[in-house]
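The values are calculated or read from the model by the stated rules, or taken from the named source; none is laboratory data. Every value quoted in this text rests on a predicted model; they were computed, and no experiment measured them. Note that each Cβ is placed from the backbone with ideal geometry, even for glycine, and that neighbours are counted across all protein chains shown.
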Amino acid sequence: MTTSIFEVSGMTCGHCVKSVTEELGRVEGAKNVEVALVPGGVSRVMVSSAGALDPDAVAAAIDEAGYALVTQSR
């Protein structure tokens, strides 16, 4: 199991968390999504998967949810 960590800006509330969680949950290979919300700041999003996730798919999912990907790390 691999855990990827993403920093996402623009999230402010539980609805934001739900939107990001749902969109990232649709990315091929994603198994579990956890969000450490920092209202008005940069939130930390951890995605567990069987292998590496497609970075373009992750960025597109976050964008689709209405937020901005700041950084990605492993």
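For the range 38-67, taking the residues that are modelled with pLDDT of 95 or more and in contact with a Gly (Cβ under 8 Å, 6 or more places away or on another chain), the one that is farthest from Thr3 (Cα to Cα) is identified as Gly66. Taking the range 57-67 as the range and being surrounded by 14 or more Cβ atoms within 10 Å (Cβ to Cβ) and outside any loop (DSSP other than H, G, I, E, B) as the test, the residues that pass are Ala57, Val58, Ala59, Ala60, Ala61, Ile62, Glu64, Ala65.
Filter the range 57-74 down to residues that are of a type outside the set (A, V, I, L, M) and under 12 Å from the mean Cα position of the chain (by Cα) and give me whichever is farthest from Gly10 (Cα to Cα). Checked the range 57-74; the qualifying residue farthest from Gly10 (Cα to Cα) is Ser73.
If we keep just the residues of the range 29-56 that are of a type in the set (D, E, K, R) and not in a strand (DSSP E or B), which is farthest from Ser9 (Cα to Cα)? Quick ask: steps written out before the conclusion?
To start, the set of residues in the range 29-56 that are of a type in the set (D, E, K, R) comprises 31, 34, 44, 54, 56.
Within this subset, residues satisfying the condition of being not in a strand (DSSP E or B) are 54, 56.
Values: Asp54: 20, Asp56: 17 Å.
So, considering only residues that are of a type in the set (D, E, K, R) and not in a strand (DSSP E or B), the one farthest from Ser9 (Cα to Cα) is Asp54.
Of the residues that sit in the range 30-47 and are surrounded by 15 or more Cβ atoms within 10 Å (Cβ to Cβ), touching a residue at least 24 places away in the same chain (Cβ under 8 Å) and more than 14 Å from Thr71 (Cβ to Cβ), which one is nearest to the chain's Cα centre (by Cα)? Looking at the filtered set, the residue picked out is Val35.
Of all residues in the range 3-28 being of a type in the set (Ser, Thr, Tyr) and in a strand (DSSP E or B), which is surrounded by the fewest Cβ atoms within 10 Å (Cβ to Cβ)?
First, the residues of the range 3-28 that are of a type in the set (Ser, Thr, Tyr): 3-4, 9, 12, 19, 21.
Cutting the leftovers down to in a strand (DSSP E or B) gives us 3-4, 9.
Numbers: Thr3: 12, Ser4: 19, Ser9: 15.
Among those that are of a type in the set (Ser, Thr, Tyr) and in a strand (DSSP E or B), it is Thr3.
Of all residues in the range 1-27, those that are under 25 Å from Gly51 (Cβ atoms) and at pLDDT 95 or above have Cβ atoms under 7 Å from Cβ atoms of residues that are surrounded by fewer than 17 Cβ atoms within 10 Å (Cβ to Cβ) and among the acidic types (Asp, Glu), 6 or more apart or on another chain, in Glu23/Glu64.
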